[in-house]
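K.L.:
The following block contains the structure, expressed as structure tokens.
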Amino acid sequence: MFLLILTVLVSADDDQARISLAAKLEAAADAQQVERLLNAPDDVPLLREYIRNVTQELRLLEFDDPVRAETQLTALERVLNRLMPGSADAQQLIGRAKETNLRSSRERFAIAKTSYTELEAKLLAAPVDYALFQKWTTKLSSEGIALAFTRPDEAQKTLTRALAFAKRLDKLTHHEQVKLVIAAASEEYTSPFSMTQKLIDDNQKLSAMVGKDADPLDVTGWAVGPATTLAELRGKVVLISFMSPIAPSRLTLPHLKAWEATHAGSGLRIVGVMSTEQTGSTFATQHELKFPIAVRKRQPAEYFGLADKDGLVVIDQGGKIRLVRASPYLRRNLEDTDKLLSELMRE
């Protein structure tokens, strides 16, 4: 079996070393999964899980961190090309992934690389081109959602500008479907405009929590010990990571490990939170997590206002909330967390 041992000494002030450590840990986890596949190419459940996880991660990253997403897409393609299964089921699964998953991702990458200015200029020249309009709405929803989770105020400006353009386009087009999408802009959950607005509102509420006292962490028990409370951790910097056993959480894990390796000696304490004791215990074992994991008593939305199953909260030495982010795996959220932890370690 594949075995990779990493021994890395990093300084709390060395941002590049910290980023490098996270990248190495992520590469190690990816390599282990790929090694399992190469050793068992006919394991259809394992193959399906790998393709599903990487595809989900690509969809999350393609408009947030295109460079990282393209690297993962290239890696997926290489792995699929290396696999030589004997079973028809595995061969069909690989064939579908190449035909559908890879093609779809490349199409979305092309949209991500195209600016709003370019797309809108083309739409004004061809206001009845529905395929082009779909590319514009895809960029608006995907890029807007990523921005809503990381920079909600900036996302609001982008959405306001997009709505103004949509009204302008509505006067020029006679395409029925284009007009229907624009008309639905104010209807909740029925258009890229309204869905993005809902996420902006939710994440602005999270930003408003910064500076407030952190409530006690209400849990039913501990999947991984030692048990602790926020009161016991007063005087330490506490990072609470709300996790779930699906693809997005995997993107955050290398960074959690890197922050723990870098800052634990300076007073950082990481606490995971998951849905059940069994889920937390299995997840910790599978990913070799060393920090304690609590079992939540309530739904994620009742903790710090997090509506997403994946969330991250940083609490300073005085018990004040300094950062609350849903979708912590997004590039800007990781960068913001990394910067804040470095600052708090120096206080």
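The values are calculated or read from the model by the stated rules, or taken from the named source; none is laboratory data. Keep in mind that what you see is a predicted model, and the values were worked out from it rather than measured. Note that each Cβ is placed from the backbone with ideal geometry, even for glycine, and that neighbours are counted across all protein chains shown.
K.L.:
Can you confirm whether region 228-250 contains a residue that is touching a strand residue (DSSP E or B) at 6+ places or on another chain (Cβ under 9 Å), under 26 Å from I51 (Cα atoms), surrounded by fewer than 19 Cβ atoms within 10 Å (Cβ to Cβ) and not β-branched (V, I, T)?
P.N.:
Among the residues of region 228-250, at least one is touching a strand residue (DSSP E or B) at 6+ places or on another chain (Cβ under 9 Å), under 26 Å from I51 (Cα atoms), surrounded by fewer than 19 Cβ atoms within 10 Å (Cβ to Cβ) and not β-branched (V, I, T), which makes the answer yes.
K.L.:
Residues of region 227-243 being of a type outside the set (A, V, I, L, M) and touching a Pro at 6+ places or on another chain (Cβ under 9 Å), which ones? Walk me through how you get there before you give the answer.
P.N.:
So the first thing to find is which residues in region 227-243 are of a type outside the set (A, V, I, L, M), and the list is 228-229, 232, 234-236, 241-242.
The answer is T228, T229, S241, F242.
K.L.:
Let me ask another. Name every residue in region 32-66 that is under 16 Å from F149 (Cα atoms) and of a type in the set (K, R), in order of residue number.
P.N.:
Correct list: R59 only.
K.L.:
Sticking with this one: Sort out which residues of region 239-254 are in a helix (DSSP H, G or I) and touching a Phe, Trp or Tyr at 6+ places or on another chain (Cβ under 7 Å), and write them in order of number. Explain how you work it out, then say what you get.
P.N.:
First, pick out the residues of region 239-254 that are in a helix (DSSP H, G or I): 247-254.
Of everything in region 239-254, those that are in a helix (DSSP H, G or I) and touching a Phe, Trp or Tyr at 6+ places or on another chain (Cβ under 7 Å) turn out to be P248, L251, T252.
K.L.:
Quick check on region 335-347. Is at least one of its residues outside any helix (DSSP H, G or I) and surrounded by fewer than 22 Cβ atoms within 10 Å (Cβ to Cβ)?
P.N.:
Yes, region 335-347 has at least one match.
K.L.:
Sticking with this structure for a sec: Checking N203 against (1) modelled with pLDDT under 95; (2) crowded, with 19+ Cβ neighbours inside 10 Å; (3) in the same structural domain as K320 (by TED's automatic domain parsing), which test does it fail?
P.N.:
Every listed condition holds for N203 apart from (3).
K.L.:
So, one more: Give region 43-79 a look and list any residue that's of a type in the set (A, V, I, L, M) and within 23 Å of E335 (Cα to Cα), or say none.
P.N.:
Residues of region 43-79 of a type in the set (A, V, I, L, M): 44, 46-47, 51, 54, 58, 60-61, 67, 69, 73, 75-76, 79.
Selection gives V54, L58, L60, L61, V67, A69, L73.
K.L.:
Run down P45, P85 and say which single residue is modelled with pLDDT of 85 or more and not in a helix (DSSP H, G or I).
P.N.:
On inspection, the qualifying residue turns out to be P85.
K.L.:
Here is a follow-up. Out of curiosity, is L140 within 25 Å of the chain's Cα centre (by Cα) and crowded, with 18+ Cβ neighbours inside 10 Å?
P.N.:
Details: within 25 Å of the chain's Cα centre (by Cα): yes; crowded, with 18+ Cβ neighbours inside 10 Å: yes.
Judged against the criteria, L140 is a match.
K.L.:
Can you pull out the residues in region 278-332 that are assigned to a strand (DSSP E or B), closer than 25 Å to M345 by Cβ and aliphatic (A, V, I, L, M)?
P.N.:
From region 278-332, those assigned to a strand (DSSP E or B) are 293-296, 311-315, 320-326; that's our starting set.
Filter once more, so that each one left must be closer than 25 Å to M345 by Cβ: 293-294, 311-315, 320-326.
If the condition is that a residue be assigned to a strand (DSSP E or B), closer than 25 Å to M345 by Cβ and aliphatic (A, V, I, L, M), then I293, A294, L312, V313, V314, I315, I321, L323, V324, A326 are the ones that fit.
K.L.:
Condition first: more than 24 Å from the chain's Cα centre (by Cα), β-branched (V, I, T) and not in a loop (DSSP other than H, G, I, E, B). Now tell me which residues in region 158-211 satisfy that.
P.N.:
Matches in region 158-211: T160, V178, V181, I182.
K.L.:
Got at least one residue in region 301-309 being of a type in the set (A, V, I, L, M, F, W, C) and at positive phi?
P.N.:
So in region 301-309, the residues of a type in the set (A, V, I, L, M, F, W, C) come out as 301, 304, 306-307.
Keeping just the survivors that are at positive phi gives 304.
Yes, region 301-309 contains at least one residue that is of a type in the set (A, V, I, L, M, F, W, C) and at positive phi.
K.L.:
Residues being assigned to a loop (DSSP other than H, G, I, E, B) and free of Cβ contacts under 8 Å to residues at least 60 places away in the same chain: count how many of those fall in region 255-277. Working first, answer last.
P.N.:
Filtering region 255-277 down to residues assigned to a loop (DSSP other than H, G, I, E, B) leaves 267, 275-276.
Subset that is free of Cβ contacts under 8 Å to residues at least 60 places away in the same chain: 275-276.
The total comes to 2.
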